[in-house]
């Protein structure tokens, strides 16, 4: 998947992964994709709920050996 | 802005104090499990909806009530509490978040033993698990210990009691037992019902019907009563001819569910036999002390959870279903969701897997869900 930007939020605890994701998504254009890497397990539910409430689209997420990766399309 | 500990919140629950809780976890987690208190009010707004500021929710937070912000692990609640303080509100946050809430144990003395000695209940307020310690003449026995083992060993040390026996009434599916760890640490015997222990990977003492164990020189007896139904091995204890430790068979306002080891249909009959015959034959004066509570209304005024067996036979719906078919239906159909990660928890308690502490914590998140009402 072609990401316009990759955010490394590994090692950060809640709420920082989402705080940084929000900032990073502000820096890309509508329709572009942001890739987020985090190790905070709480991010799975929180990012899904956050994208839904903000009108972005969570395209997919995967667990790559403990690193959670998310692809979010800006709404 | 100050931190409030799980212990302080527990006291508010026990004393029925008022508290306004702003829970900033996502909606799913909040709906699944939250801090319960008779006079607590709630507002659930996820922290990620408050990143631009708390102004939109200020008018939903009463200014005249103590305000506690709660999240999963603390971080987000600190952020939101800071924002609220900047907006001119007094706000505290729950130290350690729901993780600490899940792990907090409140020891409550529940009775004296006839020849001296004391009986303590450890109330795991956030998850509804109850453990017990019987102390007599410098010796202690523990029943259904949770994985926060230091709380038990420190408590026994404080009471100058040596832990001699550790029991589990059954193989738990909702929480990780601390029994084996305490036994290893103290040299105590670890007792499990063999019918629940067929797959365990460690040595244990066989807990069987009629076993009698003495604690202290005054000989406080702990008598085992085979009482299958929640699991096939489930065993209750009568302590000092006064207390009935009912495990997950009988609760204050509900009864055990027979399906967590996968056999609701087979065990419904055992459960009925145990509750309607074996328990019926016991003295109604025995004080029932279960391994769980499900709702905050089950707490007594001092925060303990107990009731006379006779009272439960009069008032507990699960003990008053005359029709066997109807009983079977209640305990095997429309059951509540199963506890989080219950299969992995059972495997951990069997010694088959050894997840690290962080993983254990995560497996135990949420309510216990061991009952049917």
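The values are calculated or read from the model by the stated rules, or taken from the named source; none is laboratory data. Keep in mind that what you see is a predicted model, and the values were worked out from it rather than measured. Glycine gets a Cβ as well: all are built from the backbone with ideal geometry, and neighbour counts include every protein chain shown.
Could you tell me which residue of the stretch A:31-48 is surrounded by the most Cβ atoms within 10 Å (Cβ to Cβ), considering only residues that are touching a helix residue (DSSP H, G or I) at 6+ places or on another chain (Cβ under 8 Å) and in a loop (DSSP other than H, G, I, E, B)? Taking the candidates together, the pick is A:40.
Considered as a group, the residues in the stretch B:60-73 that are out of contact with any strand residue (DSSP E or B) (no Cβ under 8 Å at 6 or more places or on another chain) and within 14 Å of chain A (Cβ to nearest Cβ) include one that is surrounded by the fewest Cβ atoms within 10 Å (Cβ to Cβ), and that residue is B:73. Just one of the listed residues (B:225, B:182, B:215) is surrounded by 24 or more Cβ atoms within 10 Å (Cβ to Cβ) and either assigned by TED's automatic domain parsing to the domain that holds residue B:341 or in contact (Cβ under 8 Å) with a residue 40 or more places away in the chain (or both), namely B:215. Residues of the stretch B:352-373 that are surrounded by fewer than 16 Cβ atoms within 10 Å (Cβ to Cβ), within 13 Å of residue B:176 (Cβ to Cβ) and in contact (Cβ under 8 Å) with a residue 24 or more places away in the chain: B:352 alone.
Restricting attention to the stretch B:74-103 and to residues that are more than 22 Å from residue B:11 (Cβ to Cβ) and in a loop (DSSP other than H, G, I, E, B), the residue that is farthest from the other protein chains (Cβ to nearest Cβ) turns out to be B:88. The condition (being within 11 Å of chain A (Cβ to nearest Cβ), surrounded by fewer than 18 Cβ atoms within 10 Å (Cβ to Cβ) and touching a helix residue (DSSP H, G or I) at 6+ places or on another chain (Cβ under 9 Å)) is satisfied by just one residue among B:5, B:28: B:28.
Matching residues to (1) more than 14 Å from every other protein chain (Cβ to nearest Cβ); (2) over 22 Å from residue B:25 (Cβ atoms); (3) part of a strand (DSSP E or B); (4) touching a helix residue (DSSP H, G or I) at 6+ places or on another chain (Cβ under 8 Å):
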| residue | (1), (2), (3), (4) |
| --- | --- |
| A:17 | no, no, no, yes |
| A:23 | no, no, no, no |
| A:29 | yes, yes, no, no |
| A:50 | no, no, no, yes |
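Look at (1) surrounded by fewer than 16 Cβ atoms within 10 Å (Cβ to Cβ); (2) under 23 Å from residue B:53 (Cβ atoms) and you find that residue A:25 fails only one, number (1).
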